[in-house]
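Shown next, in C-alpha cells, is the structure this report addresses.
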Amino acid sequence: MSVSRPAVHPVEVSPPADANPENLPRVRMKDIQGTPGTHGGLALRLLQFAFGVAAIGFMASANDFSSVTAFCYLVAAVTLQCIWSLSLAFLDMYALFVKRSLRNPHVVCFFTVGDGITSTLTFAAACSSAGITVLISNDLNNCAQNHCGRFETATAMAFLSWFVVTPSYLLNFWTMASSSR
C-alpha cells in the first residue's frame, strides 16, 4: 500500500528590521560544577576551609611554632585562606538558597583575583614550612626536641588546602576568560 508522507518545505524567515546583534538575547551555558554558586563550588570552599583549619590546629598544637618565621607565615597565610574560603562558602550557600547565578563578570573577576592571591600565599607558606621541616628532621636530626610530626602534618594540610583552591581558581579564571568579549 502506498501512503503519502507529508512534505516539509523550509521557509526562510527574514530577520526583523530592528535585529541588532546587541539586542538579541544571550544564551547562557550551564553552570559547571566547581564554579561559584554551584554545589561543587560550595564543596570546594568547605574543603579549603577544613584543610586550612586543620593546618592551623596542628601548627598551633606545637607550643614552639612561633619561634620559626616560616611557621608563623604558614599560620597567617592559611588563616587568610580560611577567612576567604568561609566567606565565599557563605556566598555560595546564599546563591544556592535563592537560586541565583554568580556569573557576573565583575564578581567572577573578584573571585579569580582572590583565589589567585590566597592560592599563591598558601602555596608559598606550605613550601617554606616544608623546607623547614625537612631541615629540622633530615638535616639537623633534631626531631626528638621538636614537634616534627605536627609540623609535617600542618604542612601537608596546607598543601591539601592549596590543592583544593587550585580547581576553584582555574574554573573561575576559565569562566572569566570565556565570559569576556
Cβ-based exposure ranking for 59, 93, in which fewest neighbours within 10 Å come first: 93, 59
Calculated FRET value between residue 69 and residue 141, using beta carbons and R₀ = 22 Å, to 0.05: 0.55
For the stretch 39-179, alpha-carbon Rg over 2.2 N^0.38 Å: 1.16
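Bear in mind that the values in this text are calculations on the coordinates, not laboratory data. Worth saying up front: this structure is predicted, and the values here are computed from it rather than measured. Positions of Cβ are generated from backbone atoms using ideal geometry, with glycine treated the same way; all protein chains shown enter the neighbour counts.
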